[in-house]
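Have a look at the structure below before the remarks.
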Amino acid sequence: MTIDFYYVPGSAPCRNVLLAARAVGVDLNLKLTDLMKGEHLTPEFLKLNPQHTVPTLDDNGFVLNESRAIMCYLADQYSKDDSLYPKDPKKRAIVNQRLYFDMGTLYLRFGELYYPVIFGGAPYDEEKAKKLDEAFGFLDGFLSKSAYAAGDNLTLADLSLVSTVSTVEVVNFDFSKHQNVTKWFNKCKETIPDYEKSNNEGAQAFKALYESMTKK
């Protein structure tokens, strides 16, 4: 069995999947995809994924993109139990809500603030920074009710959110006033399987990119 995984180490969505695969005990055949060289635009890759995005998973001919969909698939297909992605409809709904919050609010607002700065040379936008801080406030509220993002144990929601939050951390955005987030983040670093290799190394790669692209 070979599960090919096309990815970029610095990408938070790619790190979501690396963390999920490690948590469910799946070994991925890592295929580094250099976007700067256009490796995602080759005929072979476009045939695999017409959307030409990473991450992309190829599980013996079953091809899937969008990181959070991949995470859910890996948990459903390969996890030995349902702790990461509960089968109970209400518990799963909370995990899903947090995943969608990460994609559509927290990570989105991070990208809206920082990607124009990194890739377009745009000035830092204080209004967008306020929107990102507001999103951290929402997350802080979620975490006031439970030890982890979607309950009292680690789930896919934490693996997705921690990739985003660690990326925000390395560009020096200050979210320290959100104490529930800070406490949860520190706990995730200690309890998520293989956190250093599967997430932090990639976050540091993103930090290096950020610093090199924003030098004056």
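The values are calculated or read from the model by the stated rules, or taken from the named source; none is laboratory data. Treat the numbers as computed from the prediction; the structure is a model and nothing was measured. In this analysis, Cβ positions are derived from the backbone assuming ideal geometry, glycine residues included, and neighbour counts consider all displayed protein chains. In case anyone asks, the SASA skips ligands and DNA or RNA and just uses the protein heavy atoms, side chains included. Shrake-Rupley method; radii C 1.70, N 1.55, O 1.52, S 1.80 Å.
Just need the Rg to Rh number for the stretch 76-193, please, alpha carbons only, Kirkwood Rh.
Values: Rg = 14.9 Å, Rh = 14.9 Å.
Radius of gyration over Kirkwood radius for the stretch 76-193 works out to 1.00.
Considering only Gly141, Gly120, Val24, whose Cα is most displaced toward the positive end of the charge dipole of the chain, charges sitting on Cβ of Lys, Arg (+1) and Asp, Glu (-1)?
The residue sitting farthest along the positive end of the dipole is Gly141.
Let me know the whole percent of all Cα-Cα pairs from the chain that are separated by more than 29 Å.
Numbers: 5512 of 23220 pairs.
Here the long-distance tail beyond 29 Å is 24 percent of all Cα pairs in the chain.
Over 22 Å between Cα atoms, which of Lys128/Lys207; Lys145/Lys183; Lys145/Lys189 qualify?
From the list (Lys128/Lys207; Lys145/Lys183; Lys145/Lys189), the Cα-Cα distance tops 22 Å for no pair.
Taking only C-alpha pairs under 8 Å that are 6+ residues apart, what is the relative contact order of the chain in percent? Don't skip to the end; give the middle numbers.
Values: 283 pairs, mean separation 56.1, N = 216.
Across the chain, relative contact order equals 26 percent.
Counting only the backbone N, which residues of the stretch 63-89 are under 14 Å from the spot 7 Å out from the Cα of Gln51 toward its beta-carbon?
63-73
For the residue pair Glu134 and Asp174, what label-to-label distance in nm results when each label sits 7 Å from Cα along the Cα-to-beta-carbon direction?
Going by the 7 Å Cα→Cβ label model, 2.1 nm.
Can you work out the FRET efficiency for the pair Lys91 and Glu190, with r the C-beta to C-beta distance and R0 = 25 Å, to the nearest 0.05? If you can, show how the numbers build up before the last one.
Numbers: r = 24 Å, r/R0 = 0.94.
Calculated value: 0.60.
In the stretch 1-108, how many lysine pairs have Cα atoms under 26 Å apart, counting only pairs 8 or more places apart or on different chains?
On the way: Lys31/Lys47; Lys31/Lys80; Lys37/Lys47; Lys80/Lys90; Lys80/Lys91.
Eligible lysine pairs with Cα atoms under 26 Å apart amount to 5.
Which order do you get for Tyr6, Tyr115 if you rank them by accessible area with a 1.4 Å probe, largest at the top? Working shown, then result.
On the way: Tyr6 45, Tyr115 70 Å².
Ranked from most to least accessible, the order is Tyr115, Tyr6.
To the nearest 20 Debye, how big is the dipole of the chain about its Cα centre, given +1 on the beta carbon of each Lys and Arg and -1 on that of each Asp and Glu? All intermediate terms of the calculation are to be shown ahead of the outcome.
Working: 25 positive and 29 negative charges, 68 e Å.
Here the size comes out at about 320 debye.
Could you tell me the convex hull volume per residue, in Å³, taken over the Cα atoms of the stretch 164-216? Let's see the in-between values first.
Values: hull volume 3.4 nm³, N = 53.
Dividing the Cα hull volume of the stretch 164-216 by its residues yields 64 Å³.
Of the listed peptides 162-170, 188-196, 19-27, what is their order by residue-averaged count of other C-beta atoms within 10 Å, with the highest listed first?
Working: 162-170: 23.3, 188-196: 14.1, 19-27: 20.3.
Per-residue Cβ counts within 10 Å, averaged per peptide and sorted highest first, yield 162-170, 19-27, 188-196.
At what distance in angstrom do the alpha carbon centres of the stretch 160-213 and the stretch 1-49 lie from each other?
20 Å
For the stretch 88-144, count all C-alpha to C-alpha pairs, find those more than 16 Å apart, and express that count as a whole percent of the total. List each step's numbers first, then the result.
On the way: 798 of 1596 pairs.
Everything past 16 Å amounts to 50 percent.
So how far apart, in nm, are the two label points at Lys215 and Asn29 if each is 7 Å from Cα heading toward Cβ?
3.8 nm
Quick one: accessible area per residue over the chain, 1.4 Å probe, rounded to a whole number of Å²? Let's see the in-between values first.
Numbers: 10830 Å² over 216 residues.
About 50 Å² of surface per residue is accessible.
Given points 7 Å out from each Cα along the Cα-Cβ axis, report the Asp125 to Thr105 separation in nanometres with one decimal.
Each label point lies 7 Å from its Cα, and together they span 1.9 nm.
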